[in-house]
1. In the chain, what percent of the accessible surface is made up of carbon and sulfur (1.4 Å probe, ligands and nucleic acids excluded)?
2. Counting Lys and Arg as +1 and Asp and Glu as -1, what is the net charge of the other residues whose Cβ lies under 12 Å from the Cβ of residue 235?
3. Find how many whole Å separate the alpha carbon centroid of region 129-181 from the alpha carbon centroid of region 245-272.
4. Can you tell me which of 113-125, 80-92 comes out highest on packing, and rank the rest after it, using the mean Cβ neighbours within 10 Å?
5. Can you bin every Cα-Cα distance in the chain into 20 Å intervals starting at zero and give me the percent of pairs per bin, rounded to whole numbers?
6. Translational diffusion coefficient of region 43-119 at 25 °C, 0.890 mPa s, Stokes-Einstein with Kirkwood Rh over Cα pairs, in µm²/s as a whole number.
7. Contour minus end-to-end for residue 203 and residue 319, with contour as 0.36 nm per residue of separation and end-to-end as the Cα-Cα distance?
8. Across bins of 10 angstrom width beginning at 0, how are the C-alpha pair distances of region 287-330 distributed, in whole percent?
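The values are calculated or read from the model by the stated rules, or taken from the named source; none is laboratory data. For clarity, every value in this text was computed on a predicted model and none was experimentally measured. Every residue, glycine as well, gets a Cβ built from its backbone with ideal geometry; the counts of neighbours run over all protein chains shown. Keep in mind that these areas ignore ligands, DNA and RNA; they rest on the heavy atoms of the full protein, side chains included. Shrake-Rupley method; radii C 1.70, N 1.55, O 1.52, S 1.80 Å.
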Amino acid sequence: MRTLKHAVTALTMLGWIMSGASAEEYDIKVATPETPPSFDNLYLQVAYEKGIFKKNGLNVTSFIQLKGGPLATTAVVSGQADVTATDVEGIIQATKAGYPVRAVSSPSNKLSYVVAVSSDIKSFQDLKGQSFAVSRAGALSQYVTFPFLDRENVSRNDIKWLSVGSSKDRLGALLAKRVKAAVLYIDNAAEIGNNPDIHILANIADLMPLYPHELLLVRKDDIDNRPEKVSRIVQSIMEACRFLAEHRAESIDLFIKYTGADRAIAEYTYDKLVVMKPWGVNGGMTEKILSAAMETSVQNKALDGPIPLTDFADFRFQADALRRLGGAVPE
């Protein structure tokens, strides 16, 4: 009986210890890659605004809104942020340069970009010598155009790349006739409406169907020393993706709050996206999409050749978050 009591006491104390560990809160600094955000990558705002981070024991001490994947990647690399969502090629370049960061999921694993151009542009050949709006040099909004330029034998140096900022800013530059072309999210493309001066030249996904839009990025220091923190971050973003897929009205309201979009445009965008299933409700990161992205990096001459996926990605936390949430849900 005494032995049994000692065993029960030991188990109770172990339970308290484990409960205390799981109850520990972590301060996190979040950086968003796009301001204003697109509907594709609204999950960071959802996790923040809907209390998902807080519910999972993550205290957001700073919510930094940036303009462009390169800035978001730099924020995590430099320690200004603990987590962001950014483009895969930027992550590959960062790890190739020796920076200790890793992708841990893909909350936005499909591209919904389009190339919008002025009415006199009929092909990518017509863009030679013309101004093209991107967020920043080397950003996703620039290099997703490379396969289209290559297909039509247009040198990248023949284009006058103009760093403008967000998709909304790029649309503004196109409408103001500062540029002849811009890569836009579909919510901004919808704002063009029946404008006779602008038309859609290409859908990026036509040539890049497997390319992920964004990967969730964290520092390796957190992976090695605070793995529980990383698991909670991945779980929170996975829950936010599920919220976006399941709560149309609230998602639209939040999108309008952060973008000021017209409600009809917001509703149109949501309904288009939900059919595409762009949100990583089960994490979204697979070997298949990372291999496709790496192949594109090689074609873009950003890489000399393929590298091991584990050099820039860690699948363990996505698997752990799925386990904590009770498994995968229908996509």
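1. Numbers: 7610 of 14400 Å².
The value for the chain is 53 percent carbon and sulfur by accessible area.
2. Taking every other residue near residue 235 into account, the sum is +3.
3. Each part reduced to its Cα centre gives a spacing of 26 Å.
4. Working: 113-125: 17.6, 80-92: 25.7.
Packing order, densest peptide first, comes out as 80-92, 113-125.
5. With a bin width of 20 Å, the distribution comes to 32, 54, 11, 3, 0.
6. Translational diffusion coefficient: 171 µm²/s.
7. Separation in residues times 0.36 nm, less the Cα-Cα distance, equals 38.6 nm.
8. Calculated over all Cα pairs of region 287-330, the distribution is 25, 38, 24, 13, 0 percent.
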